[in-house]
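So the structure is just underneath, and the comments pick up after that.
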Amino acid sequence: MSIPQAGRYTNSCMILLIYLSLIRYFGNRKSMLIPNCLFRVGGAAILLSNKPGDKRRAKYKLLHTVRTHCGSDDIAYNCVYQQQDETGKVGVSLSKDLMAIAGVALKANITTLGPLVLPISEQLLFFATLIMRKITDSETKPYIPDFKLAFDHFCIHAGGRAVIDELEKNLQLSEEHVEPSRMTLYRFGNTSSSSIWYELAYTEAKERVKKGNRVWQIAFGSGFKCNSAVWEAVRAVKPSESNPWADCIHKFPIEISV
(Lines give C-alpha, C1' and ligand atoms only; values in the text may rest on other atoms or scores of the structure.)
Protein backbone atom coordinates (compact mmCIF):
# COMPACT_ATOMS: atom_id res chain seq x y z
CA MET A 1 0.00 0.00 0.00
CA SER A 2 1.28 3.45 -0.78
CA ILE A 3 1.21 6.81 0.94
CA PRO A 4 1.18 9.87 -1.34
CA GLN A 5 4.28 12.04 -1.15
CA ALA A 6 3.91 14.92 1.28
CA GLY A 7 6.04 17.94 2.08
CA ARG A 8 6.73 16.86 5.64
CA TYR A 9 8.59 13.74 4.46
CA THR A 10 12.25 14.61 3.99
CA ASN A 11 13.18 11.02 3.19
CA SER A 12 11.31 8.07 1.75
CA CYS A 13 10.06 5.69 4.38
CA MET A 14 8.38 2.36 4.81
CA ILE A 15 6.04 1.61 7.71
CA LEU A 16 4.97 -1.83 8.87
CA LEU A 17 1.69 -1.69 10.77
CA ILE A 18 0.92 -4.69 12.97
CA TYR A 19 -2.52 -5.12 14.50
CA LEU A 20 -2.85 -7.60 17.33
CA SER A 21 -5.81 -8.42 19.50
CA LEU A 22 -5.06 -10.54 22.57
CA ILE A 23 -7.14 -10.24 25.72
CA ARG A 24 -7.34 -12.91 28.41
CA TYR A 25 -8.39 -12.42 32.03
CA PHE A 26 -7.92 -15.15 34.65
CA GLY A 27 -9.71 -13.50 37.58
CA ASN A 28 -13.31 -13.48 38.81
CA ARG A 29 -14.53 -9.88 38.48
CA LYS A 30 -17.66 -10.02 36.30
CA SER A 31 -17.09 -6.79 34.37
CA MET A 32 -13.64 -8.05 33.37
CA LEU A 33 -14.81 -11.55 32.41
CA ILE A 34 -16.99 -10.25 29.57
CA PRO A 35 -14.06 -9.68 27.16
CA ASN A 36 -13.14 -13.38 27.57
CA CYS A 37 -16.47 -14.20 25.92
CA LEU A 38 -16.36 -11.44 23.29
CA PHE A 39 -12.85 -11.34 21.91
CA ARG A 40 -10.71 -13.79 19.99
CA VAL A 41 -7.04 -13.60 19.07
CA GLY A 42 -6.49 -11.83 15.78
CA GLY A 43 -3.69 -10.14 13.93
CA ALA A 44 -2.79 -8.38 10.69
CA ALA A 45 0.38 -6.87 9.24
CA ILE A 46 0.26 -4.14 6.59
CA LEU A 47 3.24 -2.65 4.78
CA LEU A 48 2.98 1.04 3.90
CA SER A 49 5.45 2.96 1.77
CA ASN A 50 5.85 6.46 0.32
CA LYS A 51 8.69 5.46 -2.00
CA PRO A 52 7.77 6.34 -5.61
CA GLY A 53 9.37 3.10 -6.78
CA ASP A 54 6.93 1.04 -4.74
CA LYS A 55 3.87 2.47 -6.46
CA ARG A 56 3.91 -0.19 -9.18
CA ARG A 57 3.72 -2.92 -6.52
CA ALA A 58 1.12 -1.24 -4.30
CA LYS A 59 -2.49 -2.33 -4.22
CA TYR A 60 -3.96 0.78 -2.61
CA LYS A 61 -3.26 4.46 -2.09
CA LEU A 62 -4.12 6.01 1.28
CA LEU A 63 -6.37 9.02 0.73
CA HIS A 64 -7.60 10.02 4.19
CA THR A 65 -7.38 9.06 7.83
CA VAL A 66 -9.68 10.49 10.50
CA ARG A 67 -9.01 9.77 14.17
CA THR A 68 -11.60 10.67 16.78
CA HIS A 69 -10.42 10.38 20.39
CA CYS A 70 -12.80 10.97 23.31
CA GLY A 71 -10.21 10.46 26.04
CA SER A 72 -10.84 13.90 27.56
CA ASP A 73 -14.21 12.60 28.79
CA ASP A 74 -13.87 10.45 31.91
CA ILE A 75 -16.84 8.23 31.06
CA ALA A 76 -15.45 7.55 27.56
CA TYR A 77 -11.96 6.95 28.93
CA ASN A 78 -13.17 4.40 31.47
CA CYS A 79 -15.71 2.53 29.32
CA VAL A 80 -12.96 0.19 28.04
CA TYR A 81 -10.20 0.17 30.61
CA GLN A 82 -7.33 -2.22 31.33
CA GLN A 83 -6.66 -2.59 35.04
CA GLN A 84 -5.82 -4.98 37.86
CA ASP A 85 -8.48 -6.59 40.00
CA GLU A 86 -8.29 -7.09 43.78
CA THR A 87 -5.91 -10.04 43.36
CA GLY A 88 -3.59 -8.28 40.95
CA LYS A 89 -4.80 -10.06 37.80
CA VAL A 90 -4.86 -7.83 34.72
CA GLY A 91 -7.90 -7.60 32.50
CA VAL A 92 -10.11 -5.23 30.52
CA SER A 93 -13.26 -3.86 32.11
CA LEU A 94 -16.24 -2.93 29.91
CA SER A 95 -18.82 -0.48 31.24
CA LYS A 96 -22.53 -0.25 30.42
CA ASP A 97 -21.89 3.10 28.72
CA LEU A 98 -19.82 1.51 25.95
CA MET A 99 -22.45 1.49 23.16
CA ALA A 100 -23.58 5.05 23.89
CA ILE A 101 -20.00 6.33 23.84
CA ALA A 102 -19.31 4.42 20.62
CA GLY A 103 -22.29 6.17 19.01
CA VAL A 104 -20.98 9.60 20.01
CA ALA A 105 -17.48 8.81 18.70
CA LEU A 106 -18.89 7.44 15.44
CA LYS A 107 -21.02 10.53 14.86
CA ALA A 108 -18.04 12.84 15.43
CA ASN A 109 -15.84 10.77 13.13
CA ILE A 110 -18.36 10.69 10.29
CA THR A 111 -19.00 14.44 10.63
CA THR A 112 -15.28 15.09 10.11
CA LEU A 113 -14.90 12.52 7.32
CA GLY A 114 -17.97 13.58 5.32
CA PRO A 115 -16.61 16.83 3.83
CA LEU A 116 -13.46 15.00 2.72
CA VAL A 117 -15.18 12.28 0.70
CA LEU A 118 -18.80 13.18 -0.07
CA PRO A 119 -19.95 14.83 -3.31
CA ILE A 120 -20.80 18.52 -3.00
CA SER A 121 -24.51 17.76 -3.54
CA GLU A 122 -24.62 15.53 -0.46
CA GLN A 123 -22.72 18.08 1.63
CA LEU A 124 -25.14 20.85 0.64
CA LEU A 125 -28.16 18.72 1.52
CA PHE A 126 -26.65 17.87 4.91
CA PHE A 127 -25.82 21.46 5.84
CA ALA A 128 -29.12 22.81 4.49
CA THR A 129 -31.02 20.35 6.68
CA LEU A 130 -28.83 21.26 9.65
CA ILE A 131 -29.53 24.97 9.19
CA MET A 132 -33.28 24.38 8.83
CA ARG A 133 -33.31 22.35 12.03
CA LYS A 134 -31.67 25.20 13.91
CA ILE A 135 -33.91 27.87 12.42
CA THR A 136 -37.17 26.00 12.95
CA ASP A 137 -36.05 24.21 16.11
CA SER A 138 -37.30 21.01 14.49
CA GLU A 139 -37.08 17.63 16.19
CA THR A 140 -36.96 15.73 12.90
CA LYS A 141 -33.95 13.55 12.22
CA PRO A 142 -31.05 15.22 10.40
CA TYR A 143 -30.29 14.27 6.82
CA ILE A 144 -27.96 11.27 6.62
CA PRO A 145 -25.61 11.61 3.64
CA ASP A 146 -25.41 8.73 1.19
CA PHE A 147 -21.91 7.37 1.78
CA LYS A 148 -22.48 4.82 -0.98
CA LEU A 149 -21.77 7.69 -3.38
CA ALA A 150 -18.29 8.04 -1.87
CA PHE A 151 -17.29 4.39 -1.31
CA ASP A 152 -17.51 1.13 -3.19
CA HIS A 153 -16.58 -1.16 -0.29
CA PHE A 154 -17.09 -0.98 3.48
CA CYS A 155 -14.98 -2.68 6.14
CA ILE A 156 -16.85 -2.23 9.43
CA HIS A 157 -15.33 -3.18 12.77
CA ALA A 158 -16.73 -6.66 13.45
CA GLY A 159 -17.25 -6.04 17.15
CA GLY A 160 -20.59 -7.84 17.20
CA ARG A 161 -23.77 -8.29 15.26
CA ALA A 162 -25.37 -5.23 16.88
CA VAL A 163 -22.51 -2.99 15.70
CA ILE A 164 -22.84 -4.17 12.10
CA ASP A 165 -26.65 -3.99 12.16
CA GLU A 166 -26.63 -0.44 13.50
CA LEU A 167 -24.18 0.86 10.89
CA GLU A 168 -26.03 -0.96 8.13
CA LYS A 169 -29.26 0.72 9.20
CA ASN A 170 -27.92 4.23 9.86
CA LEU A 171 -25.78 4.39 6.71
CA GLN A 172 -28.49 2.67 4.64
CA LEU A 173 -26.11 0.02 3.35
CA SER A 174 -27.03 -3.08 1.40
CA GLU A 175 -26.45 -6.70 2.41
CA GLU A 176 -23.51 -6.91 0.02
CA HIS A 177 -21.90 -3.84 1.63
CA VAL A 178 -21.88 -5.45 5.08
CA GLU A 179 -21.26 -8.99 3.83
CA PRO A 180 -17.47 -8.87 4.50
CA SER A 181 -18.11 -7.78 8.10
CA ARG A 182 -20.76 -10.42 8.78
CA MET A 183 -18.72 -13.25 7.26
CA THR A 184 -15.60 -12.15 9.16
CA LEU A 185 -17.51 -12.10 12.43
CA TYR A 186 -18.97 -15.54 11.64
CA ARG A 187 -15.65 -17.18 10.76
CA PHE A 188 -13.10 -15.42 12.97
CA GLY A 189 -15.24 -13.90 15.72
CA ASN A 190 -14.53 -10.49 17.25
CA THR A 191 -10.83 -9.88 16.60
CA SER A 192 -11.24 -6.18 17.43
CA SER A 193 -9.68 -3.66 15.01
CA SER A 194 -7.75 -6.32 13.09
CA SER A 195 -11.13 -7.51 11.75
CA ILE A 196 -11.18 -4.71 9.16
CA TRP A 197 -8.18 -6.32 7.42
CA TYR A 198 -9.85 -9.74 7.35
CA GLU A 199 -12.80 -7.97 5.73
CA LEU A 200 -10.64 -6.32 3.09
CA ALA A 201 -9.08 -9.73 2.39
CA TYR A 202 -12.60 -11.15 1.96
CA THR A 203 -13.46 -8.47 -0.60
CA GLU A 204 -10.22 -9.20 -2.45
CA ALA A 205 -10.88 -12.95 -2.40
CA LYS A 206 -14.26 -12.27 -4.02
CA GLU A 207 -12.40 -10.27 -6.71
CA ARG A 208 -14.64 -7.27 -6.13
CA VAL A 209 -11.90 -4.62 -5.88
CA LYS A 210 -11.48 -2.85 -9.22
CA LYS A 211 -9.10 -0.07 -10.19
CA GLY A 212 -10.30 3.25 -8.77
CA ASN A 213 -12.59 1.66 -6.17
CA ARG A 214 -12.63 3.34 -2.78
CA VAL A 215 -12.64 1.41 0.48
CA TRP A 216 -13.77 2.77 3.85
CA GLN A 217 -12.36 1.05 6.92
CA ILE A 218 -13.89 2.10 10.23
CA ALA A 219 -12.91 0.68 13.61
CA PHE A 220 -13.28 1.34 17.33
CA GLY A 221 -10.97 0.99 20.30
CA SER A 222 -10.33 1.89 23.89
CA GLY A 223 -9.71 5.52 24.67
CA PHE A 224 -12.51 5.76 23.53
CA LYS A 225 -11.67 6.21 19.86
CA CYS A 226 -13.15 5.77 16.40
CA ASN A 227 -10.82 5.71 13.40
CA SER A 228 -11.47 5.80 9.65
CA ALA A 229 -9.12 5.05 6.76
CA VAL A 230 -10.00 5.67 3.12
CA TRP A 231 -8.12 3.74 0.42
CA GLU A 232 -8.22 3.89 -3.37
CA ALA A 233 -7.32 0.82 -5.39
CA VAL A 234 -4.51 1.65 -7.85
CA ARG A 235 -5.25 -1.53 -9.81
CA ALA A 236 -7.67 -4.43 -9.90
CA VAL A 237 -6.72 -6.56 -6.91
CA LYS A 238 -6.41 -10.28 -7.45
CA PRO A 239 -6.57 -12.67 -4.48
CA SER A 240 -3.21 -14.06 -3.36
CA GLU A 241 -2.45 -17.60 -2.20
CA SER A 242 -1.77 -16.25 1.29
CA ASN A 243 -5.22 -14.70 1.54
CA PRO A 244 -6.87 -16.07 4.74
CA TRP A 245 -10.03 -16.83 2.74
CA ALA A 246 -8.27 -18.58 -0.15
CA ASP A 247 -9.23 -22.12 0.84
CA CYS A 248 -12.91 -21.47 1.56
CA ILE A 249 -14.11 -18.31 -0.21
CA HIS A 250 -16.27 -20.42 -2.54
CA LYS A 251 -18.42 -21.34 0.49
CA PHE A 252 -19.27 -17.72 1.30
CA PRO A 253 -21.50 -15.92 1.85
CA ILE A 254 -23.56 -18.24 3.98
CA GLU A 255 -26.91 -17.64 5.59
CA ILE A 256 -26.62 -16.81 9.27
CA SER A 257 -29.56 -17.78 11.46
CA VAL A 258 -31.01 -15.21 13.85
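Summary of values
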item: Near pairs, Cβ below 7 angstrom, 6+ apart or cross-chain, from the range 82-106 (farther than 12 Å from ARG29 by Cβ and touching a residue at least 12 places away in the same chain (Cβ under 8 Å)) to any residue that is open to solvent by 40 Å² or more (accessible area, probe 1.4 Å) and in a loop (DSSP other than H, G, I, E, B); result: none
item: Selection count where residues are assigned to a strand (DSSP E or B) and surrounded by fewer than 21 Cβ atoms within 10 Å (Cβ to Cβ), scope the range 214-227; result: 4
item: Qualifying residue in the range 194-206 (condition: among the β-branched types (Val, Ile, Thr) and assigned to a helix (DSSP H, G or I)); result: yes
item: Any chance LYS211 is charged (D, E, K, R), in a helix (DSSP H, G or I) and open to solvent by 50 Å² or more (accessible area, probe 1.4 Å); result: no
item: Filtered residue count, the range 154-182, keeping only those that are within 16 Å of PRO253 (Cα to Cα) and either surrounded by fewer than 24 Cβ atoms within 10 Å (Cβ to Cβ) or of a type in the set (Ser, Thr, Tyr) (or both); result: 10
item: The range 132-153, subset modelled with pLDDT under 90 and either buried (at least 17 other Cβ atoms within 10 Å of the Cβ) or of a type in the set (Phe, Trp, Tyr) (or both), residue nearest to VAL41 (Cα to Cα); result: PRO145
item: Considering residues of the range 152-173 that are assigned to a loop (DSSP other than H, G, I, E, B) and in contact with an Asp or Glu (Cβ under 8 Å, 6 or more places away or on another chain) only, the residue farthest from CYS37 (Cα to Cα); result: GLN172
item: Qualifying residue in the range 230-241 (condition: touching a strand residue (DSSP E or B) at 6+ places or on another chain (Cβ under 6 Å) and assigned to a loop (DSSP other than H, G, I, E, B)); result: yes
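Let's see how each residue does on (1) surrounded by fewer than 17 Cβ atoms within 10 Å (Cβ to Cβ); (2) out of contact with any Ser or Thr (no Cβ under 6 Å at 6 or more places or on another chain):
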| residue | (1), (2) |
| --- | --- |
| LYS59 | no, yes |
| VAL66 | no, no |
| ASP74 | yes, yes |
| TYR77 | yes, yes |
| LYS89 | yes, yes |
| MET99 | yes, yes |
| ALA105 | no, no |
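The values are calculated or read from the model by the stated rules, or taken from the named source; none is laboratory data. Just so you know, these numbers come straight off a predicted model, no measurement behind them. When we count neighbours, we look across all protein chains shown, and the Cβ atoms used for this are built from the backbone with ideal geometry, even at glycine. Note: accessible area is taken over every heavy atom of the protein model, side chains too, but ligands, DNA and RNA are not part of it. Shrake-Rupley method; radii C 1.70, N 1.55, O 1.52, S 1.80 Å.
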